[in-house]
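The values are calculated or read from the model by the stated rules, or taken from the named source; none is laboratory data. It should be emphasised that the depicted structure is a prediction, and the values quoted were computed from it without experimental measurement. Cβ placement follows ideal geometry from the backbone for every residue including glycine, while neighbour counts extend to all protein chains displayed. Note: areas computed on protein heavy atoms with side chains; ligands, DNA, RNA excluded. Shrake-Rupley method; radii C 1.70, N 1.55, O 1.52, S 1.80 Å.
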Amino acid sequence: MKTKILFLLALPLLVSSCLPQVQTEAEILRKHRQRWEAQKITDYRYTLQIGCFCVPEIRQPVVIEVRGGVATSITSAESGAPVDIQFFESANTIEKLFDLIQAAITHKAAKISVSYDSIYGYPTHIYIDRLEGAADDEIGYT
């Protein structure tokens with residue numbers, strides 16, 4: 001009888017140790033942010049496209065140049081012309097993209113989906129739905 005009880009008490013531990021461990025969004029973010037920071041990249045260029053229910057100027061793809069960790073220019077990916085930088089203030093560096101993800105986690109967004117570069121760790125696609133059931137609050141960054 002004691003063996004049966006001991007086995008029943010140990011069973012949940014045995015089963016849980018066999019299941020794959022699921023990482024939280026915060027753990028995944030932390031891992032990739034550390035990978036990015038370990039690269040010590042302060043000068044880079046990337047193309048950003050924001051998908052949202054917003055003005056067309058925000059949805060156009062832009063090229064963001066960062067020097068010394070600070071955005072130095074933002075231009076239209078199509079024409080090369082400068083764009084209104086205020087539209088891209090919250091996403092004009094890789095660090096700020098990480099901050100957007102962290103804010104969504106902290107504020108418990110209804111849905112967060114992020115893909116990361118496997119080598120450098122930076123986010124390649126971010127989708128945030130802040131409020132479940134609310135219309136037009138979703139935003140994506142590619």
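Of all residues in region 118-131 being outside any strand (DSSP E or B) and under 12 Å from the mean Cα position of the chain (by Cα), which is farthest from Thr142 (Cα to Cα)?
Within region 118-131, the match that is farthest from Thr142 (Cα to Cα) is Gly121.
May I ask you to list the residues in region 97-112 that are open to solvent by less than 50 Å² (accessible area, probe 1.4 Å) and outside any helix (DSSP H, G or I)?
Ala109, Ile112 - these are the residues of region 97-112 that are open to solvent by less than 50 Å² (accessible area, probe 1.4 Å) and outside any helix (DSSP H, G or I).
Tell me whether region 20-29 contains one or more residues that are open to solvent by less than 30 Å² (accessible area, probe 1.4 Å) and either assigned to a loop (DSSP other than H, G, I, E, B) or touching a strand residue (DSSP E or B) at 6+ places or on another chain (Cβ under 7 Å) (or both).
No, every residue in region 20-29 fails to be open to solvent by less than 30 Å² (accessible area, probe 1.4 Å) and either assigned to a loop (DSSP other than H, G, I, E, B) or touching a strand residue (DSSP E or B) at 6+ places or on another chain (Cβ under 7 Å) (or both).
Anything in region 81-95 that is touching a residue at least 12 places away in the same chain (Cβ under 8 Å), open to solvent by 30 Å² or more (accessible area, probe 1.4 Å) and part of a loop (DSSP other than H, G, I, E, B)? List them, or say none.
Correct list: Asp84 only.
Considering Asp136, Asp43, which residue is open to solvent by 80 Å² or more (accessible area, probe 1.4 Å) and in contact (Cβ under 8 Å) with a residue 40 or more places away in the chain?
Asp136
Can you tell me which of (1) under 17 Å from Arg30 (Cβ atoms); (2) of a type in the set (S, T, N, Q); (3) outside any strand (DSSP E or B) is the one Ser115 doesn't meet?
(3)
Under the condition of being hydrophobic (A, V, I, L, M, F, W, C) and surrounded by 14 or more Cβ atoms within 10 Å (Cβ to Cβ), which residue from region 68-80 is farthest from Glu27 (Cα to Cα)?
So, considering only residues that are hydrophobic (A, V, I, L, M, F, W, C) and surrounded by 14 or more Cβ atoms within 10 Å (Cβ to Cβ), the one farthest from Glu27 (Cα to Cα) is Ala77.
Can you tell me how many residues within region 49-67 are touching an Asp or Glu at 6+ places or on another chain (Cβ under 8 Å), open to solvent by 30 Å² or more (accessible area, probe 1.4 Å) and either assigned to a loop (DSSP other than H, G, I, E, B) or on the phi > 0 side of the Ramachandran plot (or both)?
Result for region 49-67: 2.
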